[in-house]
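These notes are about the structure you will find just below.
The values are calculated or read from the model by the stated rules, or taken from the named source; none is laboratory data. Bear in mind the structure is a predicted one, so any value in this text is a computation, not a measurement. Neighbour counts run over all protein chains shown; Cβ positions are idealised from the backbone, glycine included. Only protein heavy atoms, including side chains, enter the accessible area calculation; ligands, DNA and RNA are left aside. Shrake-Rupley method; radii C 1.70, N 1.55, O 1.52, S 1.80 Å.
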Amino acid sequence: MSPLSAKSNLESAAAQERLERSYQSVLQFLQSKLQSQSQTTHWTGRLSTSALSTATAVSALWQCLQTQATSSPTKAAKTRSADTSPSKIEEAIDVAVHWLAAQQNEDGGFGDTDRSHSNIATSYLVLAAWKMTGFDAKVPEAYRRIENYIEELGAWDGLRQRYGKDKTFVVPILSNCALAGLVPWKRVAALPFEAAWLPQDWYRLARMPVVSYAIPALVAIGQARHHFAPSWNPLVRALRNRAIEPTLGVLSKMQPASGGYLEATPLTSFVLMNLAAMGKANLPVAKNCLRFLLDSRLEDGSWPIDTNLATWVTNLTLNSLARRSGALQVTVRNQPDPSPSQTQNAPASSDAEQLCSGVDDSVASETVRWVLRCQHKGRHPFTGAQPGGWGWTDLSGAVPDSDDTPAALLALSKLELDSPEQARLKHEVAVAAASGLGWLLQLQNRDGGWPTFCRGWGKLPFDRSGTDLTAHALRAFHAWLPRFGELQQAASFDGAACRLKESQIRKATNRGLSYLARNQAEDGSWLPLWFGNQDRPDEDNPIYGTSKVL
């Protein structure tokens, strides 16, 4: 061996050793973050603080305060007991506006999170929150800097330019500014909230001006616009007057037990601030929104965009843990699950040590069952989605989508369940996988790609097909296709009418691949629907999109 070859081998061995140390370090980190609560074992993660969410929450709380709206937990919410007294609301507002003041970027604007560049949308929301609460008078210099930043970007024209024809974000922001007195209500587009009165299956045919997940905002903001600046047309006014009560019923039907639409602070805040401004803060749906906002505050008094992404994080973790060996062994505990009191009194590390030993190539059966419980088993009230999909969290506000469903299907495909005592769990996994694959098949758009939530809604963001979502769905099909006989047998044994056919999956796969081929950019990249890059001029992310497709 030449000296040069020997040196190369030594460097290669050293690099491999560094990689192994890094790998073990990450595994230890995952072990330390594992959540164990009685029979639930999963990873939760943590979302960043958000100036966007905090500003909208402040505006919503302030509007409630003006009506002295207080509440006690409703029947559906007795497990959570936020103090919604005026003093608690005042305290939350005061902490939040000062927190916002500390988040202002050097250019005078505000970004979506504490690591985001400034943008005109979030800056307008902070401007409105400060103006509404009178905090602008306490920080005149900071307020003037926001105004200057917004003016440099073209003010209202700049806001519309950022979002184009999509009213999903522009109209809520303008409504927030109208409530703060920054713009007259006539400048806020009149959303056709009466369309929500239609049967849910007809929504995609009604050509809604907002994306599918924004129906609650459509109703609340549309009603507020009608309340403060009704149409000149007497027929339209009469129709919208008739639609008020039925569409308030839609808001109630779509609201999850937590009170938070999509578990998202901004969407929930837009609904609440507009209801409260119309004097409807004491409606049960508004009280539940208020409870959610006060329950979901972070320790520093700010709000995240969403409560958590537990299902998403757990399934990505399981997929990552299976990378080395290609499979995950499933371990079953012989002893009974500890009672809640035993869990609370146990040393902090005992559960993680018990459930995660060998976490690099094994997973506890409790984790598998937790993933199975996260699958939606009924028609979803928010989007009308059929059973079988997974959302991003185990909380009540989750909605099944075509990114979290493939993630769960891929995680389940990695499990090794070959021992006799695992037969029942293996059957449950196969039934869940068959249902999840069927759910994905139903969601495929006519163009061959997959949207996020609803099929056939159009070309607005989050409803149009995405290359990243399509690639994820195709990976899930590919992982389970070799085991199709197992899926059919499980579904048949379960007594379900298994309408899933191998030919359907192959046909959907070919259509998906054709969609990807048509949507490849000239430079060879693919642009994703989700996870943009704020450091690119158009905030797109070809690295992520291309990686997902490849």
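Key figures for this structure:
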{"quantity": "Stokes-Einstein D in µm²/s, Kirkwood radius over Cα pairs - region 91-242 at 37 °C with 0.692 mPa s viscosity", "calculated": "195 µm²/s"}
{"quantity": "Note, ³J(HN,Hα) from phi for region 113-126, Karplus 6.51, -1.76, 1.60, rounded to Hz, x at Gly and Pro", "calculated": "10, 6, 10, 9, 5, 5, 9, 5, 5, 5, 4, 5, 5, 5"}
{"quantity": "Volume in Å³ per residue [convex hull over Cα atoms, computed for region 124-199]", "calculated": "92 Å³"}
{"quantity": "By average C-beta atoms within 10 angstrom, highest first, the peptides 231-243, 107-119, 261-273, 396-408", "calculated": "261-273, 396-408, 107-119, 231-243"}
{"quantity": "Amide H partners (placed H, <5 Å) of Leu415, local residues excluded", "calculated": "Leu328"}
{"quantity": "Förster radius 51 Å - calculated FRET efficiency between Glu20 and Leu235 (Cβ-Cβ, nearest 0.05)", "calculated": "0.10"}
{"quantity": "Å² per residue, accessible surface of region 413-454 at 1.4 Å", "calculated": "38 Å²"}
{"quantity": "Built amide H within the under 5 Å cut-off of Ala385, gap 5+", "calculated": "His380"}
{"quantity": "Backbone HN-Hα couplings from phi across region 540-550 [Karplus 6.51/-1.76/1.60, Hz, Gly and Pro as x]", "calculated": "8, 8, x, 4, 5, x, 5, 4, 4, 5, 5"}
{"quantity": "Distance from region 371-421 to region 177-201 (C-alpha centre basis), Å", "calculated": "34 Å"}
{"quantity": "Nonlocal amide H pairs with Ala364, under 5 Å, H built at 1.01 Å", "calculated": "Thr331"}
{"quantity": "Straight-distance crosslink candidates among aspartates and glutamates, where the alpha carbon sits under 15 Å from Lys414 and sequence neighbours closer than 8 are dropped", "calculated": "Asp360, Asp361, Glu428, Glu486"}
